[in-house]
Amino acid sequence: MTDPKDFIAGTDSNARKSPTRVVFVTRRTSAQVKVTDEDQLQTYPEVLFRAAVAIEVLGIVLVLISLLFNAPLEGLADPSHTPNPAKAPWYFLGLQEMLHYFPPVVAGVLIPTLVVIALVVIPYFNINVEAEGLFLKDRARRLRIFYAVAIGLSVFLLFFDVYVALVPTLVVAAVMLVAANSSPESSSAFRRYLASKPLSYWIMTWFLVVLFVLTAVGTFFRGPGWSWVWPWRS
Amino acid sequence: MAKTIGNYFDELRGTRVWRSVFRGGTGSSTLRRSLAIQQNVFLHLFSTKVRRRMVGLSATWYLGTLTFGTFLILVVTGILLMLYYHPSVPQAYADMKDLQFVVSSGLFLRNLHRWSAHAMVFLVFAHMFKVFYRGAYRPPREFNWVIGIILLLVTLFLSYTGYLLPWDQLAFWAITVGSNIASAVPLFGNKIHFLMLGGNLVNANALLRFYVLHCMILPLTAILFIAIHFWRIRKDGGLYAQQSEPKTLAARAAGSAAAKGAQ
């Protein structure tokens, strides 16, 4: 199994029923055509039992949380009295944080739409089906593109004072630089891991880190007038 | 020999009534266990067999299962909460106070619903990232990934519409902030905003609309897509197992590094 061909050819003939049939199986149709014989469990009862146990454990944890912590309930809704800050639910605080820097049509419409489109096209974005490391092939050109994108993005974020997104962007870029300078034959397992990661991995990781930081900042570090506050000083 | 509970259960499963309900039949043979899945309208969504290594905790962390678990808890507690809730202003808020001080375990019920909702949003995100990092979105599973994105959006809308229902300051202003974003859509922004709220401001109409969305339309949508999501796992070849894909360079590199070490 060193260098597999781009396709596997097979012949089959049954003189009585059909003439010679030739089948070409390309590598891109990977998962469905490879038959593997491996140890399997019956869904009923083994797997369903495990699922039930998992859900029961979850139920116990949620019941304990519900016994210990009360859901928030503030005063009756009052349109004439705006709380400061008025915060959206936590999963939208990343968006609200963006709204602080960009006009609503960018932060509230354009960015979420692009994120959803990006998420939907991930599996159709067939550029790297082999999942090969980003910098392993065509390294010089890819590094140039990487520098252009990273610097362009950083300048853009700096221009709008979006430090909360700039910092995680720089951190991810720094890790990508380490990846670019790591060999897949490195003696360090971490560097081998980094070197093997494709472009989609880096985009998603960047998205995850930025989302996490923005949500955390919106939740804990924002006070009246969306000003920066330290949560331990209030 | 004394009869165990298991014997009684086997007897029960042999009765005419049980046999009329469950088409799979009795017995613990592989055939019967397969039929128990295949002959059941709900369970036939799942594969009859699952690879053993996909059942371990590390393969999936059971994030999909747990997300479905939170959904079940939310349906049950949600229906119970509906018994005590009027989607009208300001009765909705009074119902929250009743749940807190009058209804038996009402506070617990609301707590469980609220925290499970937060848990579901979190688990949906966690499930998505886990699936991504495992590479389980790749063909032939690409459309199931898209259904997953739809379910993510449905979950967010469910949580968002539910956020308004207590009709307290937190709810009112969170929805005001959120719905104002809809106004920013070019051309149709104000129309969408009006359609969403049934008015230009968050008011009694908005509460009723969010209630209908939260208790009827969105849960039914979620159930529909969850069913397709589960069924597609089976049709697309079961839970994704890494080995069935082309070897990544990482594995090759690890192999060659090991070979070098051995020399």
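The values are calculated or read from the model by the stated rules, or taken from the named source; none is laboratory data. Keep in mind that this is a model prediction, so the values were computed, not measured. Virtual Cβ from ideal backbone geometry, glycine too; neighbours counted across all protein chains shown.
Looking only at residues of segment B:26-67 that are touching a residue at least 12 places away in the same chain (Cβ under 8 Å), part of a loop (DSSP other than H, G, I, E, B) and not polar (S, T, N, Q), we find that the one that is nearest to B:Phe9 (Cα to Cα) is B:Phe46. Does segment B:123-143 hold any residues that are more than 8 Å from chain A (Cβ to nearest Cβ) and charged (D, E, K, R), and which are they? Hits for segment B:123-143 are B:Lys130, B:Arg134. It is to be established whether one or more residues within segment B:130-147 are at pLDDT 95 or above, surrounded by fewer than 22 Cβ atoms within 10 Å (Cβ to Cβ) and more than 25 Å from B:Ala241 (Cα to Cα). No, every residue in segment B:130-147 fails to be at pLDDT 95 or above, surrounded by fewer than 22 Cβ atoms within 10 Å (Cβ to Cβ) and more than 25 Å from B:Ala241 (Cα to Cα). When we screen B:Ala117, B:Ala36 for residues that are farther than 30 Å from A:Glu38 by Cβ, among the small types (Gly, Ala, Ser) and crowded, with 20+ Cβ neighbours inside 10 Å, the only hit is B:Ala117. Residues in segment B:68-90 that are within 16 Å of B:His214 (Cβ to Cβ) and part of a helix (DSSP H, G or I): B:Thr70, B:Phe71, B:Ile73, B:Leu74, B:Val75, B:Val76, B:Thr77, B:Gly78, B:Ile79, B:Leu80, B:Leu81, B:Met82.
How many of the residues making up segment A:147-194 are more than 14 Å from chain B (Cβ to nearest Cβ) and more than 29 Å from A:Leu93 (Cα to Cα)?
Here is the first cut: in segment A:147-194, the residues more than 14 Å from chain B (Cβ to nearest Cβ) are A:147-178, A:180-181.
Narrowing further to those that are more than 29 Å from A:Leu93 (Cα to Cα): A:147-148, A:177-178, A:180-181.
Residues flagged as more than 14 Å from chain B (Cβ to nearest Cβ) and more than 29 Å from A:Leu93 (Cα to Cα) within segment A:147-194 amount to 6.
Any residue at all in segment A:92-113 that is out of contact with any helix residue (DSSP H, G or I) (no Cβ under 8 Å at 6 or more places or on another chain), of a type in the set (D, E, K, R) and more than 7 Å from every other protein chain (Cβ to nearest Cβ)? The answer is no, given that none of the residues of segment A:92-113 is out of contact with any helix residue (DSSP H, G or I) (no Cβ under 8 Å at 6 or more places or on another chain), of a type in the set (D, E, K, R) and more than 7 Å from every other protein chain (Cβ to nearest Cβ).
Matching residues to (1) in a helix (DSSP H, G or I); (2) surrounded by 15 or more Cβ atoms within 10 Å (Cβ to Cβ); (3) modelled with pLDDT under 95:
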residue	(1), (2), (3)
B:Pro186	no, no, yes
B:Ile192	yes, yes, yes
B:Asn200	no, no, yes
B:Val212	yes, no, no
B:Leu218	yes, yes, no
B:Thr221	yes, yes, no
B:Ala227	yes, no, no
B:Phe230	yes, yes, no
B:Arg234	yes, yes, yes
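When you go through B:Tyr163, B:Tyr93 one by one, which is the residue that is part of a helix (DSSP H, G or I), in contact with a strand residue (DSSP E or B) (Cβ under 9 Å, 6 or more places away or on another chain) and within 8 Å of another protein chain (Cβ to nearest Cβ)? Talk me through it step by step, then tell me what you get.
Numbers: B:Tyr163 fails: in contact with a strand residue (DSSP E or B) (Cβ under 9 Å, 6 or more places away or on another chain).
After applying the criteria, what remains is B:Tyr93.
Tallying residues that are surrounded by 13 or more Cβ atoms within 10 Å (Cβ to Cβ), at pLDDT 90 or above and within 7 Å of chain B (Cβ to nearest Cβ) within segment A:51-91 yields 17. Residues in segment B:75-94 that are free of Cβ contacts under 8 Å to residues at least 60 places away in the same chain and within 20 Å of the chain's Cα centre (by Cα): B:Val76, B:Thr77, B:Ile79, B:Leu80, B:Leu81.
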